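I have placed the structure first, in the form of structure tokens, so that the comments after it can refer back to it.
Each reported figure results from applying straightforward, stated rules to the coordinates on display, with no laboratory input. Quantities reported herein were computed from a predicted structural model and do not represent experimental measurements.
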Amino acid sequence: MIERIQRDLTTGYVTILALILVLFSVVVIAGFRGQTLSREDVLLTRQAEELVSKISDGEDVNDPAMNASDEYGFAVVLIPDGGVSQRDSTAPSLGLPNDEAGAEAAEQGETVLVTVEGPDNGGVRVAAVPEVRTGTVTSVVQVGRSMRSIREPIDRLVFVLVPIGLASLALAGIGGSFMSRRAMRPVRESFERQRAFIADASHELKTPLSLVKIDGEVLLRDPTAPDSREILEHQLSEVDRMNALLSDLLTLARLDAGKLDVSRKPFDLATVLVETAGRFRAWATAEGIDLEIRVPGKLPAYGDAERTSQILAALLDNALRFTPQGGRVTVLGSPRVDRVEATVTDTGPGIDPAQLAHVFDRFHRADTQSAARTREGGGTGLGLAIAHDLSRAQDGELTADNGDGRGAKLKLTLPAGN
């Protein structure tokens, strides 16, 4: 699918460039032809007017200069009898005199410029200039030149433009293919992440479903089994796990679609820190972990207090799961320039530096014991991923690192409030 999209992008790019080149070439050729034709008309008109001037002065118009090239010719048509008084040797091959051009020039009493068909040489450009004496047209001088003189430079121009256009399209195809691959790289990576995410989610749902089914089959075979209560409790535990996983998946889906409500208003981060950490104090005490909270009087922040509490809960849950008995989890709030920070550090095994870039990946699994940020205790493996996306939804940032000594350090940064 990705390859097909890349081909479509490249094809579209080359097609658009081809249309632009064709349009450009048509405009250039049309403009060049118009200018060439305009110059030719000026030249023909000037020559015809010179002949009219000579005829009016009684001079001989059979000037050898007019016959210097077989592309030019002239003819003088008498008005009103239509007889040809003079013409050079080239005139017949150019189709001169032309009756229509002569009649129109005589009727209008002004210069007429037309393109006519020549008997041998194709198109001929003709300038017909009337000779006027005492207000009456007495003759029409026609000067013509083969259109070959106009076509040849146009042909040379086309001969230059076509190879340039083809070379441009070839380069565009190569460049378009390269750029489409670069453009599709994030899409490819996104598809790969999505595919891995769906596979992980399916696996996470399949495991508790399988356990629930096994427990149900045991109860079906012997509803009065002595451990039936324990089996039912295990079923409920797995159902709760699936419910939590589905809830997290729904939250991620809403975040990806931009449909999760995240408010933007001032709140006190210090209050949120104290209240959220207070919910974990009983768990910390039961596990023999010292939970320390250090915050100033107030930390004005700007964002969503409820979503921030959800982020901090994920950080505390993560820290308490991997802090051994007798360890410590520290929650620290502090102001920064235009920002406020909430840091959660623990004295657990820490995070392998090689795994730091993947801490916030969905369903991430660490391989080494020193980086074992696994899901002991029933987590879904999505808490840190959700926290990371929630922080970005508030124009904040969530980062993970190892502390100065032993243990992990997760830091949430949010915009400061007023």
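Summary table
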read-out: Extension gain from Ala282 to Glu107, taking 0.36 nm per residue of separation minus the Cα-Cα distance; value: 51.8 nm
read-out: Using alpha-carbon coordinates, inclination of helix 383-393 to the longest axis of the chain, degrees; value: 50 degrees
read-out: Segment 189-222-segment 280-302 distance, computed between alpha-carbon centres (Å); value: 35 Å
read-out: Helix-only CD estimate at 222 nm, as mean residue ellipticity for the chain, using -39500 (n - 2.57) per DSSP H run (n ≥ 4); value: -18500 deg cm²/dmol
read-out: Listed values (i) -0.74; (ii) -0.54; (iii) -0.61, entry calculated as log10 I(q)/I(0) by the Debye sum over Cα atoms at q = 0.09 Å⁻¹; value: (i)
read-out: Mean separation of Cα contacts under 8 Å (6+ apart) over length of the chain, as relative contact order %; value: 11 percent
read-out: Percent RCO, i.e. relative contact order, over segment 265-415, from Cα pairs under 8 Å lying at least 6 residues apart; value: 25 percent
read-out: Length gained when the stretch Ile231-Arg339 is fully extended (0.36 nm per residue, less Cα-Cα span); value: 33.9 nm
read-out: The chain: angle of helix 2-56 to the longest principal axis, Cα-based, in degrees nearest 10; value: 20 degrees
read-out: Among the listed pairs Lys206/Lys409; Lys265/Lys298; Lys259/Lys298, those beyond 25 Å (Cα-Cα); value: Lys206/Lys409; Lys259/Lys298
